[in-house]
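Working notes for the structure below.
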Amino acid sequence: MAEVTKEDILSMADVAKIELTDEEVSRYTESISDIITRAKDLKNMDLKDVEPATHPLEIYDVVREDVPNNQVPLEEALLNSESTEEGQFKVPKMIS
């Protein structure tokens, strides 16, 4: 197991400005040591034949093609607008 001491955990807790009970310090010491050991095991594995992955599952694009349909005529779309200009909605200027 990697050498993470209780003093290391208490130092990290001090930096993070959190208080830990003795039980939490013991548990975190063991957990972090285990994580470091597992990371070292991964580092020593032969992975040259393993293809890198960005996601554990294959992702497919399920978005439909953007094809216009049921279009509203321009005049009808602008019918209830308070203000229009040259076939467009006219709105107040927001940025000066």
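The values are calculated or read from the model by the stated rules, or taken from the named source; none is laboratory data. Computed from a predicted structure; not experimentally measured. Backbone-built Cβ (ideal geometry, glycine too); neighbour counts: all protein chains shown. What goes into the accessible areas is simple: the full protein's heavy atoms, side chains included, and nothing from ligands, DNA or RNA. Shrake-Rupley method; radii C 1.70, N 1.55, O 1.52, S 1.80 Å.
Checking each residue in region 81-96 for being among the small types (G, A, S) and open to solvent by less than 100 Å² (accessible area, probe 1.4 Å) picks out S81, S83, G87. Within region 46-80, the set of residues being of a type in the set (A, V, I, L, M, F, W, C), open to solvent by 100 Å² or more (accessible area, probe 1.4 Å) and under 28 Å from the mean Cα position of the chain (by Cα) comprises L57, I59, V62, V63.
Of the residues E65, E58, E51, E19, which single one is of a type in the set (D, E), out of contact with any strand residue (DSSP E or B) (no Cβ under 8 Å at 6 or more places or on another chain) and at pLDDT 90 or above? Only one candidate qualifies: E19. When region 13-42 is filtered for residues that are among the β-branched types (V, I, T), open to solvent by less than 60 Å² (accessible area, probe 1.4 Å) and without any contact (Cβ under 8 Å) to a residue 24 or more places away in the chain, only V25 remains. Taking first residues from region 47-61 that are in contact (Cβ under 8 Å) with a residue 12 or more places away in the chain and partners that are surrounded by 10 or more Cβ atoms within 10 Å (Cβ to Cβ) and of a type in the set (S, T, N, Q), no Cβ contact under 6 Å between residues at least 6 apart in sequence or on separate chains turns up.
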